[in-house]
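The values are calculated or read from the model by the stated rules, or taken from the named source; none is laboratory data. Keep in mind it's a predicted model, so treat the numbers as computed, not measured. Here the Cβ positions follow ideal geometry from the backbone for every residue, glycine too, while neighbour counts run over all protein chains shown.
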């Protein structure tokens, strides 16, 4: 017994040292990349952009099978267990509570800071300055598009919500199937694919410092060139301050209420949070989030592989706040003055809109454009926000992944 305790303690100490070493390497890569970006060498910027694109595509490649396999294997194993329903219920409740709080913080800051209208000449930009896909589909179309009518199409498009629906159906179907040799072979095959996938994930994480250098250099070059330097003053302050309050105050208070040390938990989840910061995609970060939650934050596989894929789709703290504040700002500039009651209604619209938003780069941006395109407001203002959205998107995604891990940790606490 004593030997087992000693071995477990040694493994824990090695894990802590490994985590610290990994963070030091990643932060060093961040600094090196920032310095390279400041050099403003065209060939170097092109190289960094190429490397960053390669890493983003690789993680996007792994993200889709990670979501599907994680949900299927968990439901196939625990789908008929009573605790599965309890885990799902707790995850959804914590998700809604944290997302509503994020939007509430954004609304309170908006009322306190009171951003003014943009100058008419600044707001009157050409429509060509905004990405073309902004108004091609309404939010109604967005919901309908999430319901799959082709088993292959969701995989090709990377539609996270459609994939979750398919995974739920297959997972519960496997759980309900009578025990047989065919079922056993099928489940073992899926679990084997998942093991192979996690091996590939570890290889990517090992090489990630190279990607971090590229991501950091890319952002540094944009800022120093003035691409992301233009500020919208109070609006940007509200967005960034809201994210910081949610990240460092609101979510830690949720953890403390459950008896979880937020500092220790953040330290353990830092690899995933940093990964989200650079990739700007909670879906692409999901493999790292699951691996970190299981191996560093000591969240059980049953909870991590079930809750985190769900949270990647429905737990969008930063997105809800962005949708609300940006919608209020755009409507205000369009001459639409909302009462407090109407703003609260829009708070819940923002929360509902954020649920199901694809966890991909600029997902919140395009969803907000989609919502605003149905109103008689100057949506061209979104083109002014676009140059600085890179930074906003990075911070929001890191907050979303941090929130995902908090929901998983609280669910684990309840389940334990």
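Annotation for region 85-106: no member residue is over 26 Å from residue 283 (Cα atoms) and either part of a helix (DSSP H, G or I) or modelled with pLDDT under 70 (or both).
A residue that is over 13 Å from the mean Cα position of the chain (by Cα), modelled with pLDDT under 90 and within 21 Å of residue 92 (Cα to Cα) cannot be found anywhere in region 321-332. Of the residues 407, 355, 360, 401, the single one that is at pLDDT below 70 and either under 14 Å from the mean Cα position of the chain (by Cα) or surrounded by fewer than 19 Cβ atoms within 10 Å (Cβ to Cβ) (or both) is 360.
Listed here are the residues, each with its yes/no results for (1) in contact (Cβ under 8 Å) with a residue 40 or more places away in the chain; (2) in contact with a helix residue (DSSP H, G or I) (Cβ under 8 Å, 6 or more places away or on another chain); (3) buried (at least 19 other Cβ atoms within 10 Å of the Cβ); (4) more than 29 Å from residue 75 (Cβ to Cβ).
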| residue | (1), (2), (3), (4) |
| --- | --- |
| 240 | yes, yes, no, yes |
| 246 | yes, yes, yes, yes |
| 249 | no, no, no, yes |
| 258 | yes, yes, no, no |
| 265 | yes, yes, yes, no |
| 269 | yes, yes, yes, no |
| 274 | yes, yes, yes, yes |
| 279 | yes, yes, yes, no |
| 288 | yes, yes, yes, no |
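Here residue 170 qualifies as on the phi < 0 side of the Ramachandran plot, assigned to a helix (DSSP H, G or I) and either modelled with pLDDT of 85 or more or loosely packed, with under 13 Cβ neighbours inside 10 Å (or both).
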